[in-house]
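See below for the structure under consideration.
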């Protein structure tokens, strides 16, 4: 018989190995062991003296050791609050209530399908012509040694099969002998539990454990794990997939199989949770599988309660394309739950008994009876405020008829923003506190701050505050406690949507908030610049920024772009660059005029000179000043490009054309079909003019960068992109005396002319 000491050694070996695997274990779990026992166990571990246990020998010690799992099971969420119940994920507390003792319950019969394992012990009683009792343990080779009958292989056989096998052998070997067979001691089973469980690892478990019973040893399924994707792996193959909801909701445990030694349990990660609330019997958060519908989650919640309005079920979905939540109302029971987040089942209610919740910077927060207040203005008149932030109040309302939720912003300083708003049952009203001016509060969500916000730039500080309605700049200055002693009152810049206003003084100036207002104070430590952005942006206009601001800073201030924006073709023009280019054109014209007079005196052909002069005169000044580069919001260069005062940014619309200009028979724009090459485009344009310079054909990309002539351009390997402009320059007769020495002028003028033409084509859509 295996001793208590040997079992203690094995149990402690698991304890110490778990500790070495960085699994945190409370040492108090060993409080039931004496210091002498622990020291003996440590010595045995060092010497490798480990043997398999007999379960029934030390049940008290066993229970204390396997109770390690209790240390990692989180405390149950206190769901009850003064006002509402916080919903929790359903079923995850199931394992905390399950026993994890290795000893089997004494009043349970041994099932016939129990499979024999190593170290199980049989008690065999012979009676009749001979009376004898044998206690036979299963050896490491899987056999029992039956006196006179020899070794008999039993491992892997069911208890029923072993009993029949031994009965037949005894009946064949003895006359008049009866046999009674039972299992005296059962060995623990070694099982590996991995995946999304609290403590993955290898465990010795109760021999009668099922899948669910085994999971309790690991602390149960973790909060990210799936209760519905549990696999039992045996001999490197999945023998059963188990959905715990079958047991928890339907009472069906047919797939909760008994564990065998060497099994592995794999718990997958949950892919989707959906919360159901309202008029159902068990509101909670449930795990949803592919293809499940509203009817399924209602069944999980034990159906509708008696107050449910079954025709008013709302489902909120996550829109992955827009990264937003979309609410669908009055859905059917067959509605899919794919990408769903919340399900609300509404009650039949008497609106006369409903109220409105009021919270925030008021003396008496709580519920107010709607019988006394029809309009928001009526309620505000009866409230007493405490350190209220006057430029943003939030009213959340839900229309029981249309099932539409709305959020209304208003300002206490602007009665017109709230005087005609009719209150609805079950609304929520919130008033911000001055101390919450950065609005780290649940009721005021981030999207509200972003949508109606004021940015106040003061020296090296920037304050972003949500506002709605009328206010004064001086009021904000006082609210924030800013020291304005070194600020130039007469240089306050206000940037609304479409203009930049310089005011004489910020003091007592009334201001109506619009989206993305920007107020900047000029001070010695904060020089400011103004830049303009136009085109396919939601809020074009002139913006005031710090002098070291980048293009990315401007993008953050401007907000979203329109759907038709062609971000790869963003155009940045700079005034000092435009002036330098204009100066270059003027110098080129002066040089051409001198060459023209000289050639006329010499009687030479002046055709090429006239051509260059016409080219210089054709350049539109407003199309100059472009800086070539990729300035899309996603490009790293947008965060590296420092803006200058007077910069202009144009966001063109998406184009689906390729332009061809220069010396072709028919300069036109082609619709881009994804397969257009240089040669095919030139062919569509009627081919080259006789004086075209075929060797200097090049491409101006949408971002202004130039793709020079190369072998692949004309081999058909180069595919054009939308917004490209193909340039076919004129061949200049450099052998002519009249044109000699004008090569630099030719290059300058052609580059400027064609770049300006390409820009005009891009922004003229």
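Each value in this text was obtained by applying a stated rule to the coordinates, not by laboratory testing. On a predicted model such as this, the values are computed, not experimentally measured, just so you know. Positions of Cβ are generated from backbone atoms using ideal geometry, with glycine treated the same way; all protein chains shown enter the neighbour counts.
One table, with the values for the structure above:
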{"quantity": "Estimated FRET transfer efficiency (residue 512, residue 338; beta-carbon r; R0 45 Å; 0.05)", "calculated": "0.55"}
{"quantity": "Quotient of Cα Rg and 2.2 N^0.38 Å for the stretch 532-579, N being how many residues it contains", "calculated": "1.20"}
{"quantity": "Anisotropy class of the stretch 121-185 from Cα gyration tensor, a/c 1.5 cut", "calculated": "prolate"}
{"quantity": "Cβ-Cβ FRET estimate between residue 760 and residue 325, R0 fixed at 60 Å, reported to 0.05", "calculated": "0.90"}
{"quantity": "Base-10 log of normalised Debye intensity for the stretch 273-348 (one unit scatterer per alpha-carbon) at q = 0.18, 0.20, 0.27 Å⁻¹", "calculated": "-0.63, -0.77, -1.35"}
{"quantity": "Peptides ranked, highest mean first, by Cβ atoms within 10 Å: ranges 263-272, 674-683", "calculated": "263-272, 674-683"}
{"quantity": "Relative packing of 661-667, 579-585, which averages over residues the other C-beta atoms within 10 Å, highest first", "calculated": "661-667, 579-585"}
{"quantity": "Added length on full extension, which subtracts the Cα-Cα distance from 0.36 nm per residue, residue 532 to residue 318", "calculated": "73.5 nm"}
{"quantity": "Listed peptides 568-574, 126-132 by packing density, highest first (mean Cβ within 10 Å)", "calculated": "568-574, 126-132"}
{"quantity": "Calculated FRET efficiency for the pair residue 547/residue 684, C-beta based, R₀ 41 Å, to 0.05", "calculated": "0.25"}
{"quantity": "Principal semi-axes in Å for the stretch 241-319 [√(5λ), Cα gyration tensor, largest first]", "calculated": "30, 16, 9"}
{"quantity": "Over the stretch 615-699 - Rg/Rh using Cα atoms and the Kirkwood inverse-distance radius", "calculated": "1.05"}
